[in-house]
Amino acid sequence: MEPAVIGKNRRTGWIEVICGSMFSGKTEELIRRMKRARFARQKVEIYKPAIDSRFSNEEVTSHDENSIPSEPVDSAGQILLMVGNADVVGIDEAQFFDGDLVEVCRTLAGDGRRVIVAGLDQDFLGQPFEPIPQLMSIAEYVTKLHAVCVICGSPANHSQRIVADRTRVFVGATDAYEPRCRDCFDPDLGIRPTKPAEHEPQPAAATDPSVDVPSPAEPGQPTASTISDGNGYDAPAQPDGHPADGKAVAPGDPSLPPPR
Ligand SMILES: [Zn+2]
């Protein structure tokens, strides 16, 4: 739900979160809300992480090329320095910011501003993608959007990585991800080696319970530093080990839900 447009005599700010998988129309929804505020002659500012260099450093660009001017920032704290007297603050691709974004949004809302944050709520392994979960907790309004599963047509909640190579940098890849529902989502697909590793014979000591045998790597927990994404850069690892990933260049967003 989108709250009423903030009035001139605003006193109380709030936080709105727009989240969901890739191809769910998050950026389109952010742009729609920002444009409505701008029509009402409210001062709007949009920020995005400088790392999101897919299309333009000066515009928030959604997959359907519906765009509005924005400022790339290197850190969440930089938003506080740049925000000026904006009534409405939009933040896109919020999953690329670190945990400082939570406190930044608190501060902005505490100053009486309307804060609209858009970002992926899950990474390509289906794990919560900080800091979006924290922002959802403290937000007044949360909108979770869905794409359409390319396999079965159900509402899609996951960003499926369909290229099983986590070390290669996909420059301009358009088909590295696709939306999938819970049943069709396969988190291992994106980290599975292209060629299955040869089965190594167990060392003889493995049968001796008194000997420590290194356990195989936890499935679904790749080494974050080796994760690459679809944008042509290596995304930094999050502090908790989740890959700062889940993005790809898309040719369009054919599966937008109807406007709400
Ligand atoms: Zn499905």
Any residue at all in the stretch 126-138 that is farther than 16 Å from G20 by Cα and at pLDDT 95 or above? yes
If the Cβ limit is 7 Å and pairs must be 6+ apart or interchain, which residue in the stretch 166-190 that is closer than 16 Å to A156 by Cβ and within 15 Å of the ligand (Cβ to nearest atom) pairs with which residue that is at pLDDT 85 or above and basic (K, R)? Y177/R161; L189/R161
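The values are calculated or read from the model by the stated rules, or taken from the named source; none is laboratory data. Every value quoted in this text rests on a predicted model; they were computed, and no experiment measured them. Positions of Cβ are generated from backbone atoms using ideal geometry, with glycine treated the same way; all protein chains shown enter the neighbour counts.
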